[in-house]
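*Asks:* Here it is: the structure, laid out below.
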Amino acid sequence: MITKIMKAKGQLPEDEEVMKEAKRIIDSGGLVAIPTETVYGLAGNALDPTSSKKIYAAKGRPSDNPLIVHIADTDDLSVIAQNIPDTAYKLAEKFWPGPLTMILSKTEAVPKETTGGLDTVAVRMPSDRIASEFIKICGPFIAAPSANASGRPSCTTAKHVVEDLNGKIELVIDGGEVGIGLESTIVDLTGRIPCLLRPGFISREDLERITGPIDVDPAVYNKNKPDTAPKAPGMKYRHYAPEGELTVVDGPHESVIIYINEKCGEASVSGKRCAVLATSENLKAYSADMIFDMGSRENINAVSHNLFSCLRKCDENGADIIFSEAFEPEGLGEALMNRLLKASGNRVVKL
Ligand code: AMP
Ligand code: MG
């Protein structure tokens, strides 16, 4: 299959040709990668089991890891979800369109192929203009997991999507770099108390302002007991991972720098290529084969935005060993640290 790449602006009528082609593909059960405000998504018709199966195949994603269904109008929620609690509508009013995914009880309309066999469905309404246009024209129910090959860092540019899925999907809509760069916040609303399954741009504190206190699934910090599965099936897999061995180093800045420089020195003696993911403030303090700038520690949004592309640069440059600085797990920092922990397979050194 030849993967076509078409640029879009997020406004009609300029995007008319792109959207026409996208609709033709989605209607015939094919797949289209689209930008969203979080990361690029791999879109198919959420109500068509064959299309969902194609998504799993293209990504190499395990079939028990459910897909998020994207909508463009809150009125469409009742087609795919039932027993919807008031909290869901309150959260939708505050955060939709935006980077929040809610887990609700599913209706018969949603095939189990889309929900990885679960009786619940994950729903989100993206705010990105291209995504929204796309869902209105090609939807109204679009399954769209992150558009990376399973296990790899999510895609924040169309180029990343092509790296992972070229020849496996019909079309990539190139809308430039995404805004946020980390996947949506996921909150489960099927229990008595809302439960955070994946932290994202909308923080736990943001949610609690609307819902009151919420639970956090222990899998968010890899603290689930060996015999209990994470509530978001995807959280049990090693995720977002570069090919090199990533270690997150946490502690006072000076000690972190000394530790990383020492380890990089040892690695280079044994012929290994070492990369450091550093904040701008500390860039000059490191000595390694490659040093990637994640942005200023003062600007956690920028660091989050840059994380996945820095991890991909490590692969491009053949890093065998990677060290990253750590961040306070508060606000967006909670999401950033969650992704770093998953990407490192929970390899953390505390100094
Ligand atoms: P991605 O599509 O790559 O952003 O990943 C979606 C995440 O949402 C995965 O971790 C899934 O396991 C999780 N997810 C999707 N649907 C459900 C659901 N019905 N219940 C719990 N988690 C879900
Ligand atoms: Mg993903």
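*Asks:* Going by the structure shown, is Ser184 away from ligand 2 (no atom under 16 Å from the Cβ), in contact (Cβ under 8 Å) with a residue 12 or more places away in the chain and hydroxyl-bearing (Ser, Thr, Tyr)?
*Replies:* No.
*Asks:* If you don't mind, there's one more thing I want to ask. Condition (residue is touching a residue at least 60 places away in the same chain (Cβ under 8 Å) and within 19 Å of Ser52 (Cβ to Cβ)) applied to region 80-94: is it met by at least one residue?
*Replies:* So far as region 80-94 goes, yes, one or more of its residues are touching a residue at least 60 places away in the same chain (Cβ under 8 Å) and within 19 Å of Ser52 (Cβ to Cβ).
*Asks:* If I go through region 164-174 residue by residue, how many of them are surrounded by 24 or more Cβ atoms within 10 Å (Cβ to Cβ) and either free of Cβ contacts under 8 Å to residues at least 12 places away in the same chain or more than 16 Å from ligand 2 (Cβ to nearest atom) (or both)?
*Replies:* Summing the residues that are surrounded by 24 or more Cβ atoms within 10 Å (Cβ to Cβ) and either free of Cβ contacts under 8 Å to residues at least 12 places away in the same chain or more than 16 Å from ligand 2 (Cβ to nearest atom) (or both) in region 164-174 gives 2.
*Asks:* Still on this structure, I have one more. Suppose we keep only residues that are near ligand 1 (Cβ under 9 Å from one of its atoms) and more than 15 Å from the chain's Cα centre (by Cα) within region 111-163. Which one would you say is surrounded by the fewest Cβ atoms within 10 Å (Cβ to Cβ)?
*Replies:* Asp119
*Asks:* If you scan region 222-277, which residues turn out to be within 15 Å of ligand 1 (Cβ to nearest atom) and hydrophobic (A, V, I, L, M, F, W, C)?
*Replies:* Once the filter is applied, which keeps residues that are within 15 Å of ligand 1 (Cβ to nearest atom) and hydrophobic (A, V, I, L, M, F, W, C), region 222-277 yields Ala229, Ala232, Met235, Ala241.
Residue by residue, here is whether (1) of a type in the set (S, T, N, Q); (2) at positive phi; (3) out of contact with any Gly (no Cβ under 6 Å at 6 or more places or on another chain); (4) modelled with pLDDT of 95 or more holds:
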| residue | (1), (2), (3), (4) |
| --- | --- |
| Asp15 | no, no, yes, yes |
| Glu21 | no, no, yes, yes |
| Ser28 | yes, no, yes, yes |
| Glu37 | no, no, no, yes |
| Ala43 | no, no, yes, yes |
| Thr50 | yes, no, no, yes |
| Val69 | no, no, yes, yes |
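*Asks:* Where in region 225-330 are there strands (runs of 3 or more DSSP E), lying wholly inside it, with at least 2 residues that are under 19 Å from Val349 (Cα atoms)?
*Replies:* 245-250, 274-278, 321-325
*Asks:* Which numbered condition in (1) within 12 Å of ligand 1 (Cβ to nearest atom); (2) touching a residue at least 40 places away in the same chain (Cβ under 8 Å) is the only one that Ala219 fails?
*Replies:* (2)
*Asks:* How many residues, within region 181-201, are crowded, with 23+ Cβ neighbours inside 10 Å and among the β-branched types (Val, Ile, Thr)?
*Replies:* 3
*Asks:* Pairs needed: first member in region 61-72, under 18 Å from Ile135 (Cβ atoms); second member anywhere, polar (S, T, N, Q) and within 14 Å of ligand 2 (Cβ to nearest atom); C-beta distance under 7 Å; at least 6 residues apart or different chains.
*Replies:* Ile68/Thr101
*Asks:* Still on this structure, I have one more. What pairs come up if the first residue lies in region 302-322 and is over 22 Å from Glu334 (Cβ atoms), the second is hydroxyl-bearing (Ser, Thr, Tyr), and their beta carbons are under 9 Å apart, counting only those six or more places apart or on different chains?
*Replies:* So the pair list comes out as Arg312/Thr156; Ile321/Thr247.
*Asks:* Let me ask another. So which of Pro85, Pro97 is within 17 Å of the chain's Cα centre (by Cα) and either at pLDDT 95 or above or within 15 Å of ligand 1 (Cβ to nearest atom) (or both)?
*Replies:* After applying the criteria, what remains is Pro97.
A quick yes/no check of all residues on (1) of a type in the set (Asp, Glu); (2) touching a strand residue (DSSP E or B) at 6+ places or on another chain (Cβ under 8 Å); (3) modelled with pLDDT of 95 or more; (4) crowded, with 16+ Cβ neighbours inside 10 Å:
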| site | (1), (2), (3), (4) |
| --- | --- |
| Met294 | no, yes, yes, yes |
| Ser304 | no, no, yes, yes |
| Leu311 | no, yes, yes, yes |
| Asn317 | no, yes, yes, no |
| Glu325 | yes, yes, yes, yes |
| Glu328 | yes, no, yes, no |
| Ala335 | no, yes, yes, yes |
| Lys342 | no, no, no, yes |
| Asn346 | no, no, no, no |
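The values are calculated or read from the model by the stated rules, or taken from the named source; none is laboratory data. Remember, it's a predicted structure, so these values are computed and weren't measured experimentally. FYI the Cβ positions are ideal-geometry reconstructions off the backbone, even for glycines, and counts take in every protein chain you see.
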